[in-house]
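Take a look at the structure set out below.
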Amino acid sequence: MSITLTENAARRVRSLLEKRGGIGMRLAVKTSGCSGMAYALEFADSAGPEDCRFESHGVTVLIDPRSLPYLSGTELDFVREGLNEGFKFNNPNVKNQCGCGESFTV
Amino acid sequence: MALLQIAEPGMSAAPHQHRLAVGIDLGTTNSLVASIISGAVRVLEDETGRRLLPSVVQYPAPGVAPVVGVQALAAQDADPRNTLSSIKRLMGRSLADVGPLQDMPYVFADAAGGVGIRTAAGIKTPVEISAEILRSLRLRAETALGGALTGAVITVPAYFDDAQRQATKDAARLAGLNVLRLLNEPTAAAVAYGLDNGSEGLFAVYDLGGGTFDISVLRLTNGVFEVLATGGDAALGGDDFDLRIYRWLLDSAGLDDLPPPETRRLLTLARRAKEALSDADYTIIDAQAAQRDIRLRLTRATFDELTVELVQRSLARTRSTLRDAGLAAGELTGVILVGGSTRMPNVRSAVRDFFGRDALTNLDPDQVVGIGAAMQANVLAGNRGASDWLLLDVCPLSLGLETMGGLVEKIIPRNSTLPLARAQDFTTFKDGQTAMSVHVVQGERELVSDCRSLARFELRGIPPMVAGAARIRVSFQIDADGLLSVSAREQSTGVEAAIDVRPSYGLTDEAISAMLRDALQSGGVDAQVRALREAQVEARQLIDATETALAQDGSTLLSPHERDAIAHALYALANVVETGGPDSSGALRAAAESLNLATQDFAARRMNASVQRALAGRRLEDLAPSPAADPMRSAA
């Protein structure tokens with residue numbers, strides 16, 4: 001299973017990368033947060049030797065192999081909610097998440 | 001659910017621990033808030049998409065929440081007394097400081113610690129009014145960023161003094177903002193252009209706003225900006241350009257002065273015409289005034305002619321500020337334009353001609369200060385790597401030394417910008433004193449016991465000298481990281497001792513504000529206590545000196561009767577020092593005076609005796625400047 005970006009998310013990431021520079025973005029899962037695990041979303045300046053690499057709408061997505069099982073099949077979306085806007089994970093592996101959506105269990 | 005932003009590599013925050021930081025440009029006319037979102041700077045908008053918040057607050061009635069921004073600005077004509085604008089000019093000022101304010105239609109009153117303005121909702125201070133503006137920006141930021149703010153960087157004019165900076169900080173605290181730092185506006189502009197990434201340079205920041213003009217000269221060395229000179233004109237801005245067009249309109253249409261509502265409408269048209277001329281070579285002004293239709297064509301050439309005097313005035317200020325900084329226009333490595341009025345082509349070309357180089361203009365001049373503040377806030381909140389630390393801080397409380405009598409001698413006043421170094425000379429108190437204890441304290445109070453002790457160390461190996469002869473230079477240095485080091489050096493022998501301290505370490509904001517409050521409230525008491533302690537110290541010095549003199553020469557130079565008189569005065573003074581209460585500073589001075597009087601003859605005789613001793617057994621020619629020419633020589 002792969003990782004994908006929505007058209008909207010990809011457009012956003014591309015424009016951010018244009019301004020900032022970097023080879024792509026990195027998704028990861030950390031063991032922390034109120035429900036056990038948390039997402040991390042970062043710019044990537046370099047790829048590690050073990051990183052899995054996905055391409056979606058012209059954006060390179062890097063994921064370390066330990067995070068991959070928890071993220072497999074995830075679609076990253078960019079949404080606007082009122083004045084606030086940001087990225088949202090649509091992750092089929094999630095069984096439960098805390099109210100804020102930053103932390104989850106599989 | 002929370003929406004995520006992209007972080008710098010390795011910097012993603014744990015859930016619920018996002019460090020949301022904003023930069024706020026708290027302006028005289030307009031304010032704005034900006035933040036770094038997914039690595040890019042964004043000036044945050046309100047619900048209607050506006051970025052600039054007019055710095056206007058209306059207090060419509062008692063118990064009614066104040067109105068801030070566009071709605072308040074709209075209410076200014078209808079409710080001028082309760083609608084407050086340009087409040088920044090009053091920050092940290094007392095009524096005496098600001099002088100007569102004919103252009104402000106407010107009812108002024110004295111408030112605790114400064115100017116107050118009487119409104120429908122009671123007396124409001126500039127701090128409270130600014131806090132309303134800041135609160136409005138904070139709410140905007142929290143809605144847009146989806147969480148509570150970790151902190152904010154707020155910009156202030158480079159010429160703001162301690163009181164004005166402190167007032168700005170107080171306003172932020174009142175608005176529920178944690179101030180990460182106050183940043184000088186020209187420095188923020190330089191940061192926005194990334195000039196801090198270079199290692200050194202000299203920059204001029206030309207800031208022509210709506211009503212004020214500021215020119216600052218900055219020097220960058222090792223990533224730290226230093227303000228070399230500031231200047232400007234508090235009554236020169238975009239509004240004056242509008243006024244020139246308005247006058248021209250009246251002249252061209254053959255009109256006399258108009259009633260206020262029509263004046264205001266024409267001024268708005270004048271502003272639009274000015275803005276249009278930034279892109280076009282001419283513009284048509286269609287207006288109705290005095291029951292007439294007016295249609296006029298204003299060319300850029302005419303506009304330039306109308307306003308050339310205003311532009312020249314700004315350049316004259318620029319020239320004198322450069323002179324203050326000891327620089328020539330050609331020596332600068334960069335020029336930055338700030339403020340919406342620098343969009344005018346005639347201003348740009350005049351600045352270019354003056355400095356002989358193109359100015360940096362690619363960022364929006366209305367937003368550049370806020371953008372720089374946001375970038376700095378992002379670094380300070382810890383959202384970037386430590387290598388990006390750029391520190392331009394002020395020290396929150398005064399730093400000083402304990403002197404005799406438990407008094408504080410302030411060496412670095414609070415709100416001094418960092419980094420800095422200050423030195424002051426001290427001396428010994430007792431004859432033959434060979435060591436000195438250096439006690440570093442922090443706070444605004446006059447007595448050591450009311451301030452916070454930071455560090456203590458001793459300087460040993462001072463050569464024995466009479467009291468007051470040794471010269472010990474104590475230097476305070478605070479580097480860009482806020483680290484204080486204190487060193488003491490005896491000037492004649494070069495013996496030295498030093499210590500490192502962290503001045504703000506362990507002091508919470510509450511503690512700082514409590515100390516400041518304390519200092520303000522007890523200023524009068526402190527002055528009394530200080531006077532008493534000083535009198536006590538002087539008295540002890542006098543007692544010591546008299547005792548030494550009595551022991552040396554008392555038996556040879558004084559009759560028993562005289563000796564008794566001195567001893568009596570001495571005892572009386574010692575008695576007041578030991579037993580005198582808190583009100584005894586007058587009694588101390590009187591007792592010291594009578595001891596002085598009693599020893600006057602004794603002192604004169606000692607002086608004679610020591611001169612005699614020095615001259616005893618020496619011939620006159622040994623003392624004369626040129627013995628060879630002295631005719632007495634052969635006779636002897």
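The values are calculated or read from the model by the stated rules, or taken from the named source; none is laboratory data. In this text the structure is predicted, and so the values were computed from the model without any measurement. Ideal geometry is used to build each Cβ from the backbone, glycine not excepted, and the neighbour counts take in all protein chains shown.
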Kindly provide the set of residues from the stretch A:73-88 that are more than 7 Å from every other protein chain (Cβ to nearest Cβ) and at pLDDT 85 or above, ordered by number.
A:Gly73, A:Thr74, A:Glu75, A:Leu76, A:Asp77, A:Phe78
Filtering the stretch B:583-615 down to residues that are in contact (Cβ under 8 Å) with a residue 12 or more places away in the chain and small (Gly, Ala, Ser), which residue is surrounded by the most Cβ atoms within 10 Å (Cβ to Cβ)?
B:Ala591
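Name the residues in the stretch B:128-155 that are of a type in the set (A, V, I, L, M) and in a strand (DSSP E or B), would you?
First pass over the stretch B:128-155, keeping only residues of a type in the set (A, V, I, L, M): B:129, B:131, B:133-134, B:137, B:139, B:141, B:144-145, B:148-149, B:152-154.
Correct list: B:Ala152, B:Val153, B:Ile154.
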Counted residues in the stretch B:287-304 being within 22 Å of B:Asp257 (Cα to Cα) and either under 42 Å from the mean Cα position of the chain (by Cα) or touching a residue at least 12 places away in the same chain (Cβ under 8 Å) (or both) come to 10
Considering every residue within the stretch B:221-229, establish whether at least one is under 19 Å from B:Ala350 (Cβ atoms), in contact with a helix residue (DSSP H, G or I) (Cβ under 8 Å, 6 or more places away or on another chain) and either assigned to a strand (DSSP E or B) or among the small types (Gly, Ala, Ser) (or both).
no
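Kindly indicate the residue of the stretch B:156-211 that is among the charged types (D, E, K, R) and in a helix (DSSP H, G or I) and also nearest to B:Ser314 (Cα to Cα) among those meeting that condition. Step through it out loud before you land on a result.
Going through the stretch B:156-211, the residues among the charged types (D, E, K, R) turn out to be B:161-162, B:165, B:169-170, B:173, B:181, B:185, B:196, B:200, B:207.
Narrowing the set further to residues that are in a helix (DSSP H, G or I) leaves B:162, B:165, B:169-170, B:173, B:185, B:196.
Values: B:Asp162: 26, B:Arg165: 25, B:Lys169: 30, B:Asp170: 32, B:Arg173: 35, B:Glu185: 18, B:Asp196: 26 Å.
Applying the filter and picking the extreme gives B:Glu185.
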Selection over the stretch B:422-439 where residues are loosely packed, with under 14 Cβ neighbours inside 10 Å and aliphatic (A, V, I, L, M) yields a count of 2
Taking the stretch A:48-62 and the residues there that are modelled with pLDDT under 90 and within 14 Å of chain B (Cβ to nearest Cβ), the one that is surrounded by the most Cβ atoms within 10 Å (Cβ to Cβ) would be A:Asp51
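Please indicate, with yes or no, whether at least one residue in the stretch A:38-47 is away from chain B (no Cβ under 11 Å) and modelled with pLDDT of 85 or more. So that I can check it myself, show each step before the final result.
Applying the first criterion (away from chain B (no Cβ under 11 Å)) to the stretch A:38-47 yields A:47.
Checking the rest, the ones that are also modelled with pLDDT of 85 or more come to A:47.
Yes, there is a match, as at least one residue in the stretch A:38-47 is away from chain B (no Cβ under 11 Å) and modelled with pLDDT of 85 or more.
Hey, any hits in the stretch B:336-343 for a residue that's out of contact with any Gly (no Cβ under 7 Å at 6 or more places or on another chain), more than 24 Å from B:Asp196 (Cβ to Cβ), surrounded by fewer than 17 Cβ atoms within 10 Å (Cβ to Cβ) and not acidic (Asp, Glu)? Write out each step before concluding.
First, the residues of the stretch B:336-343 that are out of contact with any Gly (no Cβ under 7 Å at 6 or more places or on another chain): B:336-338, B:342-343.
Restricting the remaining residues to those that are more than 24 Å from B:Asp196 (Cβ to Cβ) gives B:343.
Imposing the further condition that a residue be surrounded by fewer than 17 Cβ atoms within 10 Å (Cβ to Cβ) reduces the set to none.
No, every residue in the stretch B:336-343 fails to be out of contact with any Gly (no Cβ under 7 Å at 6 or more places or on another chain), more than 24 Å from B:Asp196 (Cβ to Cβ), surrounded by fewer than 17 Cβ atoms within 10 Å (Cβ to Cβ) and not acidic (Asp, Glu).
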Residue among B:Leu182, B:Leu228 that alone is touching a residue at least 60 places away in the same chain (Cβ under 8 Å), more than 28 Å from B:Leu53 (Cα to Cα) and hydrophobic (A, V, I, L, M, F, W, C)
B:Leu228
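Kindly indicate which of B:Val70, B:Val64 is of a type outside the set (Ser, Thr, Tyr) and either touching a Pro at 6+ places or on another chain (Cβ under 8 Å) or at pLDDT 90 or above (or both).
Details: B:Val64 fails: either touching a Pro at 6+ places or on another chain (Cβ under 8 Å) or at pLDDT 90 or above (or both).
Unique residue meeting the criteria: B:Val70.
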Hits in the stretch B:558-582 (condition: surrounded by fewer than 15 Cβ atoms within 10 Å (Cβ to Cβ) and not in a helix (DSSP H, G or I))
B:Ser559, B:Gly581, B:Pro582
Expected single match for over 19 Å from B:Leu84 (Cβ atoms), of a type in the set (A, V, I, L, M, F, W, C) and away from chain A (no Cβ under 14 Å) among B:Leu180, B:Leu139 is B:Leu180
Tell me which of these B:Gly176 doesn't satisfy, since it passes every other one: (1) over 16 Å from the mean Cα position of the chain (by Cα); (2) surrounded by 20 or more Cβ atoms within 10 Å (Cβ to Cβ); (3) modelled with pLDDT of 90 or more.
(2)
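So that you can scan it fast, the table gives a plain yes or no per residue for (1) of a type outside the set (A, V, I, L, M, F, W, C); (2) in a helix (DSSP H, G or I); (3) under 20 Å from B:Leu202 (Cβ atoms):
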{"position": "B:Ala287", "(1), (2), (3)": "no, no, no"}
{"position": "B:Asp293", "(1), (2), (3)": "yes, no, no"}
{"position": "B:Asp304", "(1), (2), (3)": "yes, yes, no"}
{"position": "B:Val308", "(1), (2), (3)": "no, yes, no"}
{"position": "B:Arg319", "(1), (2), (3)": "yes, yes, yes"}
{"position": "B:Leu327", "(1), (2), (3)": "no, no, yes"}
{"position": "B:Leu337", "(1), (2), (3)": "no, no, yes"}
Residue under evaluation B:Thr318, criteria (1) of a type in the set (S, T, N, Q); (2) under 25 Å from B:Asn30 (Cβ atoms); (3) without any contact (Cβ under 8 Å) to a residue 60 or more places away in the chain, criterion not met:
(3)
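Kindly provide the set of residues from the stretch B:42-62 that are farther than 24 Å from B:Gly210 by Cα, within 10 Å of another protein chain (Cβ to nearest Cβ) and surrounded by 14 or more Cβ atoms within 10 Å (Cβ to Cβ), ordered by number. Steps first, please.
Applying the first criterion (farther than 24 Å from B:Gly210 by Cα) to the stretch B:42-62 yields B:47, B:60-62.
If we keep only those that are within 10 Å of another protein chain (Cβ to nearest Cβ) too, we end up with B:47.
Passing the criteria: none in range.
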Would you check if B:Phe429 is over 26 Å from B:Arg165 (Cβ atoms) and out of contact with any strand residue (DSSP E or B) (no Cβ under 7 Å at 6 or more places or on another chain)?
yes
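For residues in the stretch B:63-88 being of a type in the set (A, V, I, L, M, F, W, C) and surrounded by 23 or more Cβ atoms within 10 Å (Cβ to Cβ), which is nearest to the other protein chains (Cβ to nearest Cβ)? Give the steps one after another, and end with the answer.
Going through the stretch B:63-88, the residues of a type in the set (A, V, I, L, M, F, W, C) turn out to be B:64-65, B:67-68, B:70, B:72-75, B:78, B:84, B:87.
Remaining after also requiring surrounded by 23 or more Cβ atoms within 10 Å (Cβ to Cβ): B:68, B:72, B:84, B:87.
Numbers: B:Val68: 17, B:Ala72: 21, B:Leu84: 27, B:Ile87: 26 Å.
In this case the residue turns out to be B:Val68.
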